[in-house]
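Nothing in this text is a laboratory measurement; each read-out follows from the coordinates by a stated rule. Note that the coordinates shown come from a computational prediction; the quantities given were computed from them, not determined experimentally. Don't worry about glycine lacking a Cβ; one is built from the backbone with ideal geometry, like all the others, and counts go over all protein chains shown.
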Amino acid sequence: MSLPMSLLIIAAYLLGSLSFAVIVSKTMGLADPRTYGSNNPGATNVLRSGNKKAAALTLLGDALKGWVAVFAAQSIAPLIGLGEAGSPSYTLAIAAVMIAVTIGHMWPIFFKFKGGKGVATAAGILLALNLWLGLATLAIWVFVAKVLKISSLSALIAAAATPLLTALLLPNQSIYLGAVTVIAVLLIQRHKQNIIGLMKGKESKIGDKRQP
């Protein structure tokens, strides 16, 4: 692995490690989201505090860092010798950044490696990678959330759909497909307790303040 690619990956991981759920809650004088509800530092759990503004800022921050990581890598890669858009080295660098910022969010070095589940960050990543891919994934999440009002199920269905959407919208892009698949698997794995809750019929609905 080249030095420029290594630096991009490290920068993406560090950016991903900024947990906006914790940062926003502390800034607004709210309880640490890791101490109530699902104990997950994410927008859905912050919403359980009753502060919609904090939840919205968390969602925006987590999505934005995913978008910024990929967009910045797309802009910088050609300037640091990683090839032009579409070249194998460029594509590999962007794919690596996508995974790195996701891992940073899930296992943040700044917060004792206890991070969120990656839904908003993954949305930001997909929007930067391909606008239509990101919008299609968000549409699935919104549709399921509107109908069933269960955030975790919406995330799981959207995550499961992203590899197929990627194959359809980005044909012959096996490296990006691989990166999206890795992110989807990580996201699903992070929802393990939610999957158990769904199977038991105990998963809470969006806005519910009780422990899921």
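Computed from backbone phi, the HN-Hα couplings of region 152-161 come to 5, 5, 4, 5, 5, 5, 5, 4, 5, 7 Hz, rounded to whole numbers (Karplus: 6.51 cos²θ - 1.76 cosθ + 1.60, θ = phi - 60°; Gly and Pro given as x). A viscosity of 1.002 mPa s and a temperature of 20 °C, combined with the Kirkwood radius over C-alpha pairs in the Stokes-Einstein formula, give the chain a diffusion coefficient of 124 µm²/s. Axis angle, to the nearest 10 degrees, between helix 119-129 and the longest C-alpha principal axis of the chain: 30 degrees.
So how do 90, 13 line up by other beta-carbon neighbours within 10 Å, fewest first? Spell out each step's value before the answer.
Values: 90 18, 13 21.
Result, fewest neighbours first: 90, 13.
Over the chain, dividing the summed -39,500 (n - 2.57) contributions of all DSSP H runs of at least 4 residues by the number of residues returns a 222 nm mean residue ellipticity of -22000 deg cm²/dmol. Simple spin-label estimate for residue 131 and residue 32 gives 4.1 nm between the two label positions (7 Å along the Cα-to-Cβ direction from each Cα).
Just order 30-37, 143-150 by mean Cβ neighbour count inside 10 Å, highest at the front, would you? Present the calculation step by step, with values, prior to reporting the outcome.
On the way: 30-37: 17.0, 143-150: 15.0.
Going from most to least packed, we get 30-37, 143-150.
For the peptides 168-181, 101-114, 57-70, the ranking by mean Cβ contacts within 10 Å, running from highest to lowest, is 57-70, 101-114, 168-181. With a Förster radius of 41 Å applied to the beta-carbon distance between residue 147 and residue 72, the computed FRET efficiency rounds to 0.70.
Report the number of Lys pairs in the chain whose alpha-carbons are under 13 Å apart, with separation of 8 or more residues or on distinct chains. Can you show the working numbers first?
Values: 52/209; 117/192; 146/205; 149/205; 192/200.
Close lysine pairs under the 13 Å cut-off: 5.
Seen against the Cα atoms of the chain and their longest principal axis, helix 88-106 is set at about 20 degrees.
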